[in-house]
Amino acid sequence: MFYSEKVMDHFRNPRNVGEIPDADGVGEVGNAKCGDIMRMYIKVKDNKIDDVKFMTFGCGSAIATSSIATELIKGKPIDEAVKLSNQAVVEALDGLPAHKIHCSVLAEEAVKAAVEDYYKKHPKTKTKNK
């Protein structure tokens, strides 16, 4: 099984691990088949992702995709962050084995769930962004 250097780096040295106790949005997703569970926390300031953290229970690919996803959305406008695709996650990691692509989908879904939670808690911001 081949993992890129970037996957191994983000697995061994994950970025933005932890929780944000007063998060503006929290998204939790899981895949019962493989047992991976991701929880993404976002803090929004001036309509941008000011801070993002994750807690992931799962394999190395799940940890790596969570880590890179946080790096890809940090500092981005919230309406841009919600457009993060699993393909962008895979490309940022220089690829994933085919049987681990579902981890990148989980990372995409966790970001979207956190943003949706933010919009639920702050409904006026969603109409401003449209």
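Read-outs: derived from the displayed coordinates by stated rules, not from any lab. Only a predicted model underlies this, so the values are computations on that prediction, with no experimental measurement involved. Virtual Cβ from ideal backbone geometry, glycine too; neighbours counted across all protein chains shown.
Of note:
- Pair Asn47, Glu19: separation of 7 Å Cα→Cβ label points (nm): 3.2
- Read-out Cα extents along the principal axes in Å, derived from the coordinates shown; its label in (1) 47, 25, 22; (2) 49, 30, 23; (3) 49, 27, 25: (1)
- Loop-located trypsin sites (Lys or Arg not before Pro) in region 1-68 whose Cβ has at most 14 other Cβ within 10 Å (DSSP): Lys33
- 19 Å cut-off, amide nitrogen to a point 7 angstrom out along Asp94 Cα→Cβ, residues in region 1-39: 1-15
- Span from the region 1-52 Cα centroid across to the region 76-130 one, whole angstrom: 10
- Over the chain, DSSP H runs of length four or greater, each weighted -39,500 (n - 2.57), average out per residue to a 222 nm ellipticity of -14000 deg cm²/dmol.
- Once the Cα-Cα distance is subtracted from the 0.36 nm per residue extended length, the Ala32 to Met55 segment shows a gain of 6.6 nm.
- Ranking Met55, Tyr118, Gly75 by how far each Cα lies toward the positive end of the dipole of region 5-121 (charges on Cβ) leaves Met55 at the top.
- Applying a threshold of 20 Å to the alpha-carbon distances of Lys43/Lys121; Lys6/Lys48; Lys6/Lys76; Lys76/Lys100; Lys6/Lys45 flags Lys6/Lys48; Lys6/Lys76; Lys76/Lys100; Lys6/Lys45 as lying beyond it.
- Residues Val105, Val44, ranked from the fewest to the most other C-beta atoms within 10 Å, line up as Val105, Val44.
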